[in-house]
């Protein structure tokens, strides 16, 4: 079956560069229908007159630079994926685009590399069929952080002797902060050989000056303002911290690699990021209120919208360029059987941890079949370990907020 071509707009003030890109794309793939603009204003004309899936722009251009162009695109066409090509630019210029761009690409890069990054994001975009959801989620620039963590972070950064380890520990406990810091450190601009999954390591790589600029300068992190009747940000935070703790314990018990154990911890913090997105969707909870005055379940989300918070969150993390294993675990943490796998992995740990903790937060007695995919776990013989993991989950829930520590 023939699939629709993705429409990609390249923007660069150097006509020779654009001609070279056009030749390279023509030789590489027939999946893209490309257009080219030699300035920001010309790019806006093309975007306003026709639909594009993604725009890839140079950073340094006369008149309207890449950051200014992306700002206008994010306002007028929030459903368009935004990429920027960056060469030898100063840190301050890079930080200008952090809230605007989905991914940064180093300049120069060969077309195969650009294609792999952009096409992957476009295919994730194709999975989100609802135009309203696509526009809202693709247009997200920042997400709300837990107020107490945001306050702790700003106080530490403004102290006379800020501690990088403490800053990393604070960020690692917050869904929004973790997602954004990993988006930045995993951008191709930094050219790291391996994907970074640890917020603490990300802080070390980026440095305190960059973190301070992100938080205190351009407000890439922000405390959650106000309350929402259908969701508790503090409750979501506590649940995510407990899932992170249990997923790490399960991953270690399954003898996953040290890297996978760290990813299990991070995935636990990120797994419900889609619920933060739902706050931004007009009338989302009102449409569910008549049938679900209690806690919204992912089954009800599928019933009313054909998609759940899991896919929403996975899509955002995917277009932000986070490691594939984390994106997959977040996307399928309620439906692990949708992923073809022959072994236990990060998804196994996250699905089990989330199911057990959700169970004990709602029920008073174990009901494994309601909260876990038992058939999936049985194929690896893990149903025999549920009692042990369940007891640990129960203790975490009983301890409550005492399991959350910033050190």
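The values are calculated or read from the model by the stated rules, or taken from the named source; none is laboratory data. Remember, it's a predicted structure, so these values are computed and weren't measured experimentally. Note that we place each Cβ from the backbone using ideal geometry, even for glycine, and neighbour counts take in every protein chain shown.
Here are some residues: 311, 328, 260. Which one is at negative phi, part of a helix (DSSP H, G or I), without any contact (Cβ under 8 Å) to a residue 24 or more places away in the chain and in contact with a helix residue (DSSP H, G or I) (Cβ under 9 Å, 6 or more places away or on another chain)? Sole residue among the options that is at negative phi, part of a helix (DSSP H, G or I), without any contact (Cβ under 8 Å) to a residue 24 or more places away in the chain and in contact with a helix residue (DSSP H, G or I) (Cβ under 9 Å, 6 or more places away or on another chain): 328.
To keep it simple, each residue is scored yes or no on (1) within 15 Å of residue 244 (Cα to Cα); (2) assigned by TED's automatic domain parsing to the domain that holds residue 261; (3) modelled with pLDDT under 90; (4) over 17 Å from the mean Cα position of the chain (by Cα).
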| position | (1), (2), (3), (4) |
| --- | --- |
| 165 | no, no, no, yes |
| 168 | no, no, no, yes |
| 171 | yes, no, no, no |
| 205 | no, no, yes, yes |
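Any residue that is at negative phi, surrounded by fewer than 18 Cβ atoms within 10 Å (Cβ to Cβ) and free of Cβ contacts under 8 Å to residues at least 60 places away in the same chain - is there at least one of those in region 172-189? Looking for residues that are at negative phi, surrounded by fewer than 18 Cβ atoms within 10 Å (Cβ to Cβ) and free of Cβ contacts under 8 Å to residues at least 60 places away in the same chain, one finds none in region 172-189, hence no.
Residue check: is residue 398 modelled with pLDDT under 90 and either outside the structural domain of residue 336 (by TED's automatic domain parsing) or over 30 Å from residue 163 (Cβ atoms) (or both)? Criteria met by residue 398.
Working only within region 380-395, note down all residues that are exposed (fewer than 12 other Cβ atoms within 10 Å of the Cβ) and either farther than 18 Å from residue 248 by Cα or touching a strand residue (DSSP E or B) at 6+ places or on another chain (Cβ under 8 Å) (or both). 381, 384, listed by residue number.
For region 104-113, the criterion of being at pLDDT below 95, over 16 Å from residue 141 (Cβ atoms), under 23 Å from the mean Cα position of the chain (by Cα) and part of a helix (DSSP H, G or I) is satisfied by at least one residue. Going through (1) surrounded by fewer than 21 Cβ atoms within 10 Å (Cβ to Cβ); (2) in contact with a helix residue (DSSP H, G or I) (Cβ under 9 Å, 6 or more places away or on another chain); (3) modelled with pLDDT of 85 or more one by one, residue 59 falls short only on (1).
Here is a yes/no grid of residues against (1) closer than 15 Å to residue 178 by Cα; (2) part of a helix (DSSP H, G or I); (3) more than 19 Å from the chain's Cα centre (by Cα); (4) modelled with pLDDT of 85 or more:
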residue	(1), (2), (3), (4)
219	yes, no, no, no
234	no, yes, yes, no
237	yes, yes, no, yes
249	no, yes, yes, yes
255	no, no, yes, yes
264	yes, yes, no, yes
267	yes, yes, no, yes
296	no, no, yes, no
299	no, yes, yes, no
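Okay, residues lined up against (1) modelled with pLDDT of 95 or more; (2) touching a helix residue (DSSP H, G or I) at 6+ places or on another chain (Cβ under 9 Å); (3) not assigned by TED's automatic domain parsing to the domain that holds residue 335:
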| position | (1), (2), (3) |
| --- | --- |
| 360 | no, yes, no |
| 364 | no, no, no |
| 372 | yes, yes, no |
| 383 | no, yes, no |
| 390 | yes, yes, no |
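Taken over region 173-186, the criterion of being over 12 Å from residue 206 (Cβ atoms) and in a helix (DSSP H, G or I) is satisfied by 175, 176, 177, 178, 179.
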